[in-house]
Every structure is written in C-alpha cells, then in structure tokens.
1. Is one or more of the residues making up the stretch 122-142 at pLDDT 95 or above, in a strand (DSSP E or B), out of contact with any strand residue (DSSP E or B) (no Cβ under 6 Å at 6 or more places or on another chain) and on the phi > 0 side of the Ramachandran plot?
2. What are the residues in the stretch 21-62 that are crowded, with 21+ Cβ neighbours inside 10 Å, at pLDDT below 95 and not in a loop (DSSP other than H, G, I, E, B), if any?
3. Here are 78, 56: which of them is more than 22 Å from residue 186 (Cα to Cα) and touching a residue at least 40 places away in the same chain (Cβ under 8 Å)?
4. Can you name the residue in the stretch 175-228 that is exposed (fewer than 11 other Cβ atoms within 10 Å of the Cβ) and in a helix (DSSP H, G or I) and, of all such residues, is modelled with the highest pLDDT?
5. Regarding residue 18, is this residue in contact with a strand residue (DSSP E or B) (Cβ under 8 Å, 6 or more places away or on another chain) and either more than 21 Å from residue 191 (Cβ to Cβ) or part of a loop (DSSP other than H, G, I, E, B) (or both)?
6. Can you tell me how many residues within the stretch 143-165 are under 14 Å from residue 51 (Cβ atoms) and touching a residue at least 40 places away in the same chain (Cβ under 8 Å)?
7. Select, from 93, 65, the only residue that is touching a residue at least 40 places away in the same chain (Cβ under 8 Å) and buried (at least 17 other Cβ atoms within 10 Å of the Cβ).
C-alpha cells in the first residue's frame with residue numbers, strides 16, 4: 001500500500017458522502033485520470049474535470065444526505081461548493097490519493113439578487129474545498145466555480161497545478177472585492193453533516209425551509225458582483 005501510515009487510511013477509504021466505492025465515481029475518475037502516471041498529473045486532471053464538467057448552481061442546493069453524496073453530484077452534473085469538493089475528494093481517493101474536506105465561512109461578493117434575498121446575507125457558512133495529499137504535503141483545491149461562470153462574472157478561473165494552494169482570490173479582474181475567508185472550521189475526513197446542517201439552520205434557515213428547486217433561473221445569467 002502506497003500510504004502505509006495509519007493516519008492516512010481515513011483519507012483513502014470511502015465514506016457516506018465521499019463514496020469513492022460508487023461504480024459511477026470510479027468509472028468517472030478512471031476515465032479522467034486513469035492513464036496518468038503521477039499523482040500530480042492525476043490530481044490536476046481530476047480538478048479541472050470537476051471544476052468544469054459540474055456546473056456551479058446555488059439555486060439547486062440539496063442538503064439531504066443523499067444530495068451531498070459524490071455520486072449524486074456526478075449524476076446531476078451540477079452542485080455547489082460543498083458537493084463539488086466532495087466529488088473531487090472522492091475521485092482522488094479512487095486514484096489512491098489521500099483527500100479530505102476543509103470548511104470555512106466566507107464573505108461572498110459573487111451572488112445574484114435572487115440568491116441574496118434567499119440567504120439574507122453574503123456570508124456563506126461552511127464553504128468547502130478539497131485538500132489533496134501530494135508530494136508529502138496537503139494542497140488546497142477549490143473546484144467550485146466553473147470556467148463559464150468565471151468568464152461572465154469577470155473573475156479569473158482558479159487554476160491548480162497540484163503543488164500550490166488553489167483558493168478563492170480576494171479581488172476580481174477589475175479590482176472589486178470577490179471573496180473573504182472570515183472563519184476557519186477545519187479539515188474533515190467526511191462531511192460533518194450534523195454540524196453543517198445545524199449551522200445552516202442558524203445562518204441560512206430559508207435554504208432549509210424552502211425547496212430551492214423552486215428558484216427558477218440560471219445563476220450564470222443573473223450573477224451580480226455589485227450586491228453588498
């Protein structure tokens with residue numbers, strides 16, 4: 001086994017949400033990165049696939065246990081920061097790359113009027129990105145915003161080389177505020193579901209009370225970086 005140290009095993013095994021034992025997730029990971037030789041090359045291929053194959057869609061957030069599974073996001077072909085990070089972590093584990101999830105609260109300047117009214121805030125609790133263990137260190141990877149969304153909102157797409165952290169930039173291409181990390185919640189081997197759900201009940205109650213499938217619209221067409 002490549003990673004023999006006991007502390008890595010928890011980051012290689014399939015879990016309830018990072019279900020890297022799903023046949024669909026396995027097939028997807030192998031089709032994307034199965035021909036690559038190095039972990040770096042595999043991780044980079046997986047990152048860009050999840051970033052751009054899976055659309056970022058905060059209008060259809062599913063906080064159910066089933067909805068947050070990697071296999072569910074892969075099937076739907078859309079997700080938000082948490083579900084896309086979960087999928088990236090799952091595909092990495094298929095490739096025997098240790099992975100985990102990191103959560104933080106962020107002040108998000110990339111939103112739409114419709115979403116802002118639903119959330120009643122530009123603070124998003126439990127924003128997530130993946131951390132992959134590559135070349136003897138944990139590297140941050142944020143596959144949330146796909147290339148098309150970045151283009152229409154005037155933000156440079158986040159790149160990932162497998163060696164340097166890839167987290168949201170503070171400013172967009174025009175120098176406007178884009179994203180601020182305001183509270184770190186730590187790293188986890190799987191989604192800390194109860195903690196996450198309870199935080200959403202406190203800070204984003206409407207996202208739980210209302211079926212977000214009722215929000216009609218395309219986020220990429222409505223995004224507005226000017227909302228404060």
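1. no
2. Passing the criteria: 56, 58.
3. 56
4. 194
5. Against the criterion (in contact with a strand residue (DSSP E or B) (Cβ under 8 Å, 6 or more places away or on another chain) and either more than 21 Å from residue 191 (Cβ to Cβ) or part of a loop (DSSP other than H, G, I, E, B) (or both)), residue 18 qualifies.
6. Going through the stretch 143-165 one residue at a time, the tally reaches 13.
7. 93
The values are calculated or read from the model by the stated rules, or taken from the named source; none is laboratory data. Since this is a predicted model, take the numbers as computed values, not measurements. All Cβ positions, even for glycine, are placed from backbone atoms using ideal geometry, and neighbour counts span all protein chains on display.
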